[in-house]
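Engineer: Dumping the structure here so I can ask a few things about it.
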Amino acid sequence: MKKISIKFMALLTASFVIMMAVPLIASAAKVKKIDNFIVFVDQSGSMAQKHAKLKQKKIDLAVDIVKRLDSAIPELDYKGSIVLFAPVQTVSAPSPYKNGALTSAISGVDTKFYVFGRETPFGDGLQAVDATLAGLSGKTALIVLTDGHNNLGSDPVAQARALYSKYGSNLCIHIINMDTDPKGTAIIDEIRAQNGCTVSADAMSLANDATLGSFAQEVFFKEEDPCARDSDGDGVPDCRDKCPDTIPGAIVDEDGCALKHTMQIEFDFDKAEVRPEYHDKIAEAAEFVKRYPKTQILVAGHTDSTGEADYNKELSMKRAESLMIYMVENFGVQGDQLHPRGYGESRPIASNDTEEGRQANRRVEFICCTIIPPK
């Protein structure tokens with residue numbers, strides 16, 4: 001700013017703010033493997049027959065498995081649905097999954113149908129479920145509960161192959177074998193062999209809750225040790241990370257929390273020299289900067305709007321350089337960490353219409369962990 005004829009001294013304020021980002025709190029240990037799932041239940045006549053060893057109707061066993069599976073699936077933002085085949089029927093369309101949704105939907109499925117007159121078009125059922133798959137994005141698990149019988153329509157092995165060809169790694173077919181019949185099991189095994197992602201299970205093994213829980217985990221989610229993860233990449237593992245939302249590359253303390261140091265000093269009017277009474281305060285800031293030698297700090301000088309813009313820009317740069325030099329010469333701060341820039345009157349933080357506002361605008365800011373702008 002220009003010198004004026006009235007002889008008085010004003011104080012300039014220089015605020016030193018070292019701003020750091022805040023890291024992410026460790027998330028839950030369960031991490032989803034898929035985005036969507038379709039429970040695909042065989043409702044053909046053979047499913048009304050009793051399981052050879054469990055001595056219950058296979059369709060009743062299938063409904064029970066679905067209900068128990070409902071309790072084993074964590075709520076991890078999946079989309080879930082239930083579709084029947086023989087005949088094909090959508091019981092619940094894909095929607096955000098909440099615990100209890102599968103139980104509610106499957107409870108309305110008819111399990112008292114007759115064996116006769118309900119042949120098994122397993123292949124046609126796989127072909128029909130493509131209409132549901134096509135409306136989903138991301139990875140989908142198709143969980144088929146069937147005895148593997150197919151006595152009508154297209155080849156289920158060929159239809160499964162066609163689905164894999166269309167959806168690639170975004171689809172995995174998991175078949176729960178609801179019987180021990182060799183013919184049906186052979187078809188199921190052929191489908192399972194098409195992709196290494198499949199998790200094999202059967203009605204007998206899933207009668208055990210622990211085994212069912214293991215099946216749910218293999219299909220739906222994985223558990224990660226929070227101390228083996230650093231979600232925000234700040235160098236502090238999730239199990240010790242106490243603060244949220246770290247910006248990539250930010251410097252944090254041992255708890256993953258914000259590093260912050262603020263300081264305010266005053267300058268004489270129209271001067272850039274650092275006043276000696278602020279030496280101790282500047283020493284604290286310098287010590288802070290020296291603890292983190294990889295940080296890059298923008299030293300931004302500002303003025304109020306009094307005087308010519310070009311003069312103000314030059315003065316603001318002198319203030320920034322003066323403060324930078326003071327820290328380098330007196331406290332051994334590495335100069336290549338500090339990047340002085342002069343912004344003149346272009347970035348006020350208060351109104352220039354009052355003395356208080358003008359005083360606030362006469363400042364220098366130290367801004368840590370930011371992109372350094374060109375000169």
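Engineer: Here are some residues: E314, E321, E287. Which one is among the charged types (D, E, K, R) and under 41 Å from the mean Cα position of the chain (by Cα)?
Structural biologist: E287
Engineer: Restricting to the stretch 311-362, count the residues that are under 21 Å from H279 (Cα atoms) and of a type in the set (F, W, Y).
Structural biologist: Looking only at that region, the number is 2.
Engineer: When you check D353 against the structure, is it in contact (Cβ under 8 Å) with a residue 60 or more places away in the chain and out of contact with any Asp or Glu (no Cβ under 9 Å at 6 or more places or on another chain), yes or no?
Structural biologist: Spelling it out, it is not the case that D353 is in contact (Cβ under 8 Å) with a residue 60 or more places away in the chain and out of contact with any Asp or Glu (no Cβ under 9 Å at 6 or more places or on another chain).
Engineer: Tally time: how many residues in the stretch 151-162 are in a loop (DSSP other than H, G, I, E, B) and either under 27 Å from F221 (Cβ atoms) or hydrophobic (A, V, I, L, M, F, W, C) (or both)?
Structural biologist: Looking only at that region, the number is 1.
Engineer: What number of residues within the stretch 275-287 satisfy the criterion of being over 18 Å from Q337 (Cβ atoms) and in contact (Cβ under 8 Å) with a residue 40 or more places away in the chain?
Structural biologist: So the answer is 1.
Engineer: Moving on to the next point. Can you tell me which of I59, I65, I106 is within 16 Å of S46 (Cα to Cα) and touching a helix residue (DSSP H, G or I) at 6+ places or on another chain (Cβ under 8 Å)?
Structural biologist: That would be I59, the only listed residue that is within 16 Å of S46 (Cα to Cα) and touching a helix residue (DSSP H, G or I) at 6+ places or on another chain (Cβ under 8 Å).
Engineer: Give V157, V236 a once-over and let me know the one that is of a type in the set (V, I, T), surrounded by 22 or more Cβ atoms within 10 Å (Cβ to Cβ) and touching an Asp or Glu at 6+ places or on another chain (Cβ under 9 Å).
Structural biologist: Answer to the check: V236.
Engineer: Something else: Can you find a residue that is at pLDDT below 95 and in contact with a His (Cβ under 6 Å, 6 or more places away or on another chain) anywhere in the stretch 38-52?
Structural biologist: yes
Engineer: Here is a further query. Tell me, which strands (runs of 3 or more DSSP E) wholly within the stretch 193-304 include 2 or more residues that are modelled with pLDDT under 75, farther than 28 Å from K33 by Cβ and out of contact with any Phe, Trp or Tyr (no Cβ under 7 Å at 6 or more places or on another chain)?
Structural biologist: Once the strands (runs of 3 or more DSSP E) in the stretch 193-304 are filtered for at least 2 residues that are modelled with pLDDT under 75, farther than 28 Å from K33 by Cβ and out of contact with any Phe, Trp or Tyr (no Cβ under 7 Å at 6 or more places or on another chain), what remains is 261-268.
Engineer: I need every pair where a residue in the stretch 55-75 that is free of Cβ contacts under 8 Å to residues at least 60 places away in the same chain has its Cβ under 7 Å from the Cβ of a residue that is surrounded by fewer than 18 Cβ atoms within 10 Å (Cβ to Cβ) and not in a loop (DSSP other than H, G, I, E, B), sequence separation at least 6 or different chains.
Structural biologist: Cβ pairs passing all conditions: Q56/K50; K57/K50; K67/T103; D70/T103.
Engineer: Do you know which residues across the stretch 288-306 are over 20 Å from E266 (Cα atoms) and either surrounded by 20 or more Cβ atoms within 10 Å (Cβ to Cβ) or touching a residue at least 24 places away in the same chain (Cβ under 8 Å) (or both)?
Structural biologist: F288, V289, K290, Y292, P293, K294, T295, Q296, I297
Engineer: In the stretch 329-347, how many residues are on the phi > 0 side of the Ramachandran plot and modelled with pLDDT under 90?
Structural biologist: Result for the stretch 329-347: 0.
Engineer: Quick one: which residue in K313, K271 is of a type in the set (D, E, K, R) and without any contact (Cβ under 8 Å) to a residue 40 or more places away in the chain?
Structural biologist: Exactly one of K313, K271 is of a type in the set (D, E, K, R) and without any contact (Cβ under 8 Å) to a residue 40 or more places away in the chain, namely K313.
Engineer: Return the pair list, or none, for Cβ contacts closer than 8 Å from residues in the stretch 186-206 that are surrounded by fewer than 17 Cβ atoms within 10 Å (Cβ to Cβ) to residues that are part of a loop (DSSP other than H, G, I, E, B) and modelled with pLDDT under 95, at least 6 apart or on different chains.
Structural biologist: A186/G148
Engineer: Something else: Report whether or not I25 is at pLDDT below 95, farther than 30 Å from E223 by Cβ and either out of contact with any Asp or Glu (no Cβ under 7 Å at 6 or more places or on another chain) or assigned to a loop (DSSP other than H, G, I, E, B) (or both).
Structural biologist: Judged against the criteria, I25 is not a match.
The values are calculated or read from the model by the stated rules, or taken from the named source; none is laboratory data. In this text the structure is predicted, and so the values were computed from the model without any measurement. All Cβ positions, glycine included, derive from the backbone under ideal geometry; neighbour counts span all protein chains shown.
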